[in-house]
Every structure is written in structure tokens, then in C-alpha cells.
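Chemist: Here it is: the structure, laid out below.
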Amino acid sequence: MDQLVTMISAKKTKITIGGLVGSLGSFVASTLLKRLGLPVLVVVPTTAKAEGVLDDLVAINGSAPVGYMPPSHLHPFDTSALALGPLNERADAMLRFSRGERSILVTQPEAFLESCPNLDWIRDHTLTLIVGEDNPRDILIRELSTAGYHRENLVASQGQFAVRGGLIDIYPYGHEDPVRIEYDFDKIISMRSFSPTTQRSVKQLNEITFLAGLEGEGQKSRILDLLPKDSVIFWFGKEEINERIESFHKRAKTAHRDGTGRDEIDPRELFRSVDDLISNAPPKNQVIGLQISRGKQVDVDFKARFPDSFGPNVKSISDYLRGYVKRDYGITLTTGTSGEKDRLEELLFDDNLDQVRVTTPTISKGFTLDRSHQAVLTAHELYDRRKLRSKHTRFRRRAAQFDRLSLRRGDLVVHAEYGIGKYEGLQMIKVQGHPHESIRIRYADDVILYIRIEQFGLVEKYAGGENAKPTLSRVGTKDWERTKKKTRKALQDMADELVALYAKRKVAKGYAFPEDTHWQREMEASFEFEDTPGQVEATEDIKDDLIKSQPMDRLLCGDVGFGKTEVAIRAAFKVVQESMQVAVLVPTTILAQQHHDTFRERLASYPISIEALSRFKTAKEQREIVKELNDGKVDIVIGTHRLVSKDVKFHKLGLLIIDEEHRFGVRHKERLKQLKTNVDVLTMTATPIPRTMHMALLGARDTSQINTAPVDRLPIQTEVHAWSEDVIHDAILREVDRQGQVF
């Protein structure tokens, strides 16, 4: 690294470096920023690789000095509107350029080639608002409208603003939170950021700067023109980048020739080659091209290599790590979550490998440096699983906790203290001479109440039955209190019977399972994917229940594909290790077979007998499985309602797992009640029925939720077009460009 630093300090304009593998390139780029204070532009071939490099850079440096300048479009002459994510990233990057920040920006060849606003345009369209200064309210509103911001009742995402009397809410592009600006005539008297979901203040602000302008108006420059002095351009895979550029040029020429591009513009003028851009760079920019090279003719060779592969004599992860220890290597093992970090540290301690340093967050790919005897490894590579996306971007839309933002004038709402009323919008009122933003709600007899915006949490949208026509509550009477009292009584009566059933379980003595064994930690660490935060929390909740002497009765909620089955497998494995049986009850034969295959695949390395009991089995096979269950020869059985037949008896049932309980009939549920008497029960569902959820809310059942989407689960973008082969052709090309799949 010292050799590279010396060359850059000597202003050498082109340096070829070799021996960079894995995530080492991200460490090198970070070192240039930290040691020399040089801004770095990292160019990667594809969006997928940009995501990986960004995750690495944020893991190394934190998010503050890291930005992303995505291309406005991946397809030539594409004029469709930019998605919100790229709009925010580009706004953040352009502000960094205009301020000359010392940061690391990641970009792609398409963005490198296309036009973008010049620095003068960016500075002219940058708004800075300061508390205590005059900034005419009407002019600000006009500037926001001209810049393409949409005026709304409440701001929910970037690019929106709302005006209510002396308050202006703005959700600027490139900002995590919206800002609320309070005016006294034309003077700004306060500013604060706030949560778009709760409308509550986050922190007071003295100043805010954001971009206000339609980007297409200032497309007169290139990224190179925006770079601060002495910037470093770091090419990650120059050969692949050149291929992307060539492909982009070909598509541009084809679109221009076929008339689908802009006829008045020659592609050669709109998109120039990288070599031309570098050779024509303004003199003020000292551009240093760093190229990762696998060839022998390099200026600097890091001589890094990928981590060792598993040889025929390596039987476990521990053996693999000992191979490095014997060669006196310092070992750093990176992992994605603190829960997995704790689990790995326990495993390593048990195997006398506590000299291995486990850190979070993780990087994309590991590497070894033989000269310095250092190995940087990743848990997801060791266990052959996909890395969980870190989601580096700060500008993803957060899901609203409830649907308050969809309120329209005339909607029925419920206030916790005053009852059912009609929402009539937001209004500024004066309290002790000071303006306050309030919610206007009309009640019976045309009584109007103004609820301060800070008390928005007490108001919910009315969610009665489809044909319900409730009367408005009368303010100042006890009608609402009587209604709440009747509702509580009805709910209590409905729950009494169910609570009585579960009361026996609360006092019953169950089996207290021990703490995790080495096998348990090893099995969990071998999961193909990295645990999501929801999976980690749910797993810990279930284990806490299992080690108690009181029988578990837990409801596990999570969307389809969110990882509930993996959590159930871990619970089943813990129970089986104590020579107890597990029954997994599912509503359909297909699901039984799917679970059977999944359980077998996950637990293939352990001496566990797993069977499926459904109509896929012949009558003879079913009789054999039932007999082996009774004899204790089957550890885990997965089946449909056949499992609750009278002839099915367990040798020592320890855990009952029920998938989608609401899909079983009354007769089956009566049999389930008998099975549940003194065994641990885990119920999994994506859509809990009201009675099941009510039991959880009453405390008769404990609840865990997996709300975190798994790796690479992305929202679907849906567009409606008239039939056009050109539209289909372009859509396919865009998906191929981003290395996606087309069906």
C-alpha cells in the first residue's frame, strides 16, 4: 500500500495495480480516502456489483463518506421517469460534487458516459434555508413547484411538500427525513426534521441544504467535470467496463438508426468513450486511473489471493481455520449480524479457536495476504450461502406503521378519548397567540374538535365492517365510554372459554430443555443464508420458551418466504437432541412434502429420522410410520390431518409445530387440544385469524414476528402500456442490462 500511496503523491496519472481479489479493492479505495484525503470515484461494470462495492465501503467507512451516482437510465435515449431511489442517490451525489467533499462515490459506465448537470447549474439550484433569516414563503413555494416537487396534504416521500398556514413541510431529494419549516411572515423562526409516519419531530435544525431543480434542464456536463481536484478514478474490472460501454454504444446507434432515439442528436456526440473523456478532462482535475489487472505488467502488486478452498482432508470449518492458525496467519472472520457474531464466537471458543477475530458488519468476499500473513474471511462464504444485502442506501421508503397518510376529507376516524368522528383535514389555529397545526374532526351535533398534530397517534382510521354505518360520537357525554365498556365486555366473554383452555397449560409442568449444544450452534451457523433480524429475534424467543419448565405456546407471524420454516427447524432440532419427538402439522399434502424435503436437507448431516405422513404414502407405508412413531424410531414427522387420527400415538412428543392452524376443521382442532396439554407448541402463520391473534394479544399466547424481507427480495415494478413490440423489446434489454431474468 505504501508504494501505491507514494505513486499517487508523485502525481503519476496512470497506475496499474494487480493482485486485488475479493473485497480488497474496497479497502484500497478507503485507504486512499483516509490516508491521503483524496476523493475517489469507483467505476464498476454493473448495478449488482455496485451494490456489493457500496456494501463493502459502508462496512469499512460507515455511510457518511460513501455515495452512489447511478446512471439516469441503462438504456440509450430512455426518457421514462427515474425511480425514487436513483433520484435520491443522484441528488446526494451532486451535492457532494458541488461542495467538493472528500468522499468515495460509486458509479457505472452508463453514468460515466451520459450528460449530467454542470457545477454552476447544481449550485444555482441548491437551496439553503437558515433559521433566523428572511426567505419569502411564497418564493420558496414557487421554487419547489418549479423544481418538480408535488404539493400534498401530508408528505410521505421525497419530492413532496405541504403548506399549512405558516408551516411548510418539505421532503427533499437526497435526505432521509422531511423537514418542517415554521414562518413568521417571511422569516424562518424554526426548522426540525420529523418522521413521515408519526409526524413527530426528530431533531431541531439550524440549516438545511437540498437540490431543487429538474435535472434534465442542466445536462451540459460529465461526471469528470464535477470531480474535485486530485480525484482518483478507480476502475473495478476495466475489461468488463469496456464491454458495457461498447454494448451501450451499439444500442445507441441502433436506436438512432431505427428512429427510437433522438433523431436530432448523433450518438457520437451524446455518448463519448471513456478514453476521450479522460484525455479531454479539464486541467484542474488530476485524474489518476487505477486499474485492477490480472496481468504481470503492473505498477503495484498486492499479491492477494482468494481464501483457500476446502481440501479433501478438511472435515469441518474448525479444521479449515486451524489450517491458517498453523501457518501463523491472523484471521478476521466477518459476519452480518450481531446474533451470528455471538454464535460464531461461542463455536470458536468451544473449538479452542478464540484467536479468530469475529467482526460485523460483513464484506462481500474474503481474501488472503500472504506477505503480511493475514486472512480476511466471510461467514457466508465459509458456509456457502448468500450474503444478506446491507441495503446501503439511506433513502429507501419506510413502510408506514398505519394508513394515516391515506386519510381523505370525509373519512371516519376514531379518537381514543372522543370516539368516532369525521376527518375534515388539517388546519392552522392559534393557541395563546402561537400558530399550531391541528387535525379538524367533526362529531355529532356539528361539534368541531381540533387535535394537535403531535397527538396524531391517538387518531386511527375507522375500520368497521363492510356495511357498518356508525353514528358519530357525542362529545361531552358518556356515550363513547359506554361503547368502549360494552366492547370490552364482548371481547372478554368471547375470550373466556379460550383462556380457560390455555390456563391448564400455564400451570402445567413441561420439559425444560437445556442451553444450546455445540451441535445446535453448528447447525444454525450452516444456514444457507444470513439470518434476518426478524429470524434472530424469533429464534431467541422460542429458545427462551423451550428452556422454561412451562409449556411453550407461541405464535410466529411472518409473510410467505420470510424464513419461518428455518426458525421451526432450529426449534425441532433442539427438541430432538433431548430424545423427544416433533410433529409438524400442515394443511395440505403438497406443503407436507415440501416441509419434509426442507427438513431432510437441512438436517442431513445429523442422525435424525424424518418421515412424512400424508396420502402420498401407501396404506402400508403409513402403518409402518405410525408404528415407528409409537416405538420412538421416528424423530420428526410431518403430515396433514392424518397426524391427528386416533391411531397415531407418539412415544415421547416434545414439540408440536402447526402451520396455518386456521385451515384445519373443528374436529381436528379438538384433537389438537388433547395433543397440546403438556407439550411445547409453535404455531406459524402468515395471516393469523382474529381468534388466534386475540389470544396472543390477551397474553394467552406469546407472539413473535418476522417482518424483515429476505435477501434480494425486491419490489416489483408494474407498468401498463398499449401493445407494442418496441416496448417489450426495450423492457427485455433493460432487464438484461441489469443482469435480471425475463419470463
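All of the numbers you see were taken from the coordinates with simple rules; none came from a lab. In this text the structure is predicted, and so the values were computed from the model without any measurement. Reconstructed Cβ throughout: ideal geometry from the backbone, glycine too, with neighbour counts over all protein chains shown.
Chemist: In nm, to one decimal, how far is the Tyr462 label point from the Glu540 one, both placed 7 Å along Cα→Cβ?
Modeler: Spacing of the two 7 Å Cα→Cβ label points: 4.2 nm.
Chemist: Further, regarding this structure: Show which aspartates and glutamates lie in cross-link reach of Lys220 when reach means a straight Cα distance below 15 angstrom and same-chain residues fewer than eight apart are skipped.
Modeler: Glu114, Asp120, Asp124, Glu269
Chemist: Amide H neighbours of Leu333 under 5 Å, counting only residues 5+ apart in sequence or on other chains, H built in-plane at 1.01 Å?
Modeler: So Leu333 has HN proximity to Arg357, Val358, Thr359, Leu377.
Chemist: Can you order the peptides 372-381, 633-642, 184-193 by their average number of other Cβ atoms within 10 Å per residue, highest first?
Modeler: On the way: 372-381: 20.1, 633-642: 22.6, 184-193: 15.0.
The peptides rank, most packed first, as 633-642, 372-381, 184-193.
Chemist: Too long at a 30 Å Cα-Cα cut-off: which of Lys12/Lys253; Lys509/Lys564; Lys203/Lys422?
Modeler: On the way: Lys12/Lys253 36 Å; Lys509/Lys564 27 Å; Lys203/Lys422 32 Å.
Among Lys12/Lys253; Lys509/Lys564; Lys203/Lys422, the Cα-Cα distance tops 30 Å for Lys12/Lys253; Lys203/Lys422.
Chemist: Still on this structure, I have one more. Report, by chain and number, residues whose modeled amide H sits under 5 Å from the one on Lys365, excluding near sequence neighbours (fewer than 5 apart, same chain).
Modeler: It is Ser23, by chain and number.
Chemist: I've got another one for you. For the peptides 239-246, 45-52, 564-571, what is the packing order when you average, over each peptide's residues, the other Cβ atoms within 10 Å and list the highest mean first? All intermediate terms of the calculation are to be shown ahead of the outcome.
Modeler: Numbers: 239-246: 16.1, 45-52: 19.1, 564-571: 22.8.
The packing order, highest mean first, is 564-571, 45-52, 239-246.
Chemist: Would you pull out the residues with amide H under 5 Å of Val298's amide H, same chain only if 5 or more places away, H placed 1.01 Å from N?
Modeler: Under 5 Å from the amide H of Val298: no residue qualifies.
Chemist: Across region 151-158, in residue order, what do the Karplus-derived ³J(HN,Hα) couplings come to in whole Hz, using 6.51 cos²θ - 1.76 cosθ + 1.60 with θ = phi - 60° and x for Gly and Pro?
Modeler: 7, 10, 6, 9, 7, 10, 8, 4
Chemist: To the nearest 20 Debye, how big is the dipole of region 126-212 about its Cα centre, given +1 on the beta carbon of each Lys and Arg and -1 on that of each Asp and Glu?
Modeler: For this selection, approximately 240 debye.
Chemist: Same structure, new question: Taking a ≥ b ≥ c as the square roots of the eigenvalues of the Cα gyration tensor of region 126-212, is the shape rounded (a/c under 1.5), prolate (a/b larger than b/c) or oblate?
Modeler: rounded
Chemist: Let me ask something else. At a 10 angstrom cut-off on C-beta neighbours, averaged per residue, how do the peptides 419-427, 359-367 rank from highest to lowest?
Modeler: The densest-packed peptide leads the list: 359-367, 419-427.
Chemist: So which aspartates and glutamates can Lys627 reach, going by Cα to Cα under 20 Å and dropping same-chain residues fewer than 8 places off?
Modeler: Qualifying aspartates and glutamates at Cα under 20 Å: Glu611, Asp635, Asp647.
Chemist: Just tell me which aspartates and glutamates come within less than 18 Å, Cα to Cα, of Lys11; anything on the same chain fewer than 8 places away is out.
Modeler: The qualifying aspartates and glutamates are Asp2, Asp230, Asp299.
Chemist: How many nm is it between the label spots at Tyr450 and Ala10, if each spot is 7 Å from the Cα in line with the beta carbon?
Modeler: 7.3
Chemist: Oh, and also: I need the phi-derived Karplus couplings for region 361-372: 6.51 cos²θ - 1.76 cosθ + 1.60, θ = phi - 60°, integer Hz, Gly and Pro marked x.
Modeler: After applying 6.51 cos²θ - 1.76 cosθ + 1.60, I find x, 8, 10, 6, 9, x, 7, 10, 10, 5, 5, 9 Hz.
Chemist: Which FRET efficiency value, to the nearest 0.05, is calculated for Met1 and Lys326 with the Förster distance at 35 angstrom and r the Cβ-Cβ distance? Walk me through the intermediate numbers first.
Modeler: On the way: r = 27 Å, r/R0 = 0.77.
With a Förster radius of 35 Å, E is 0.85.
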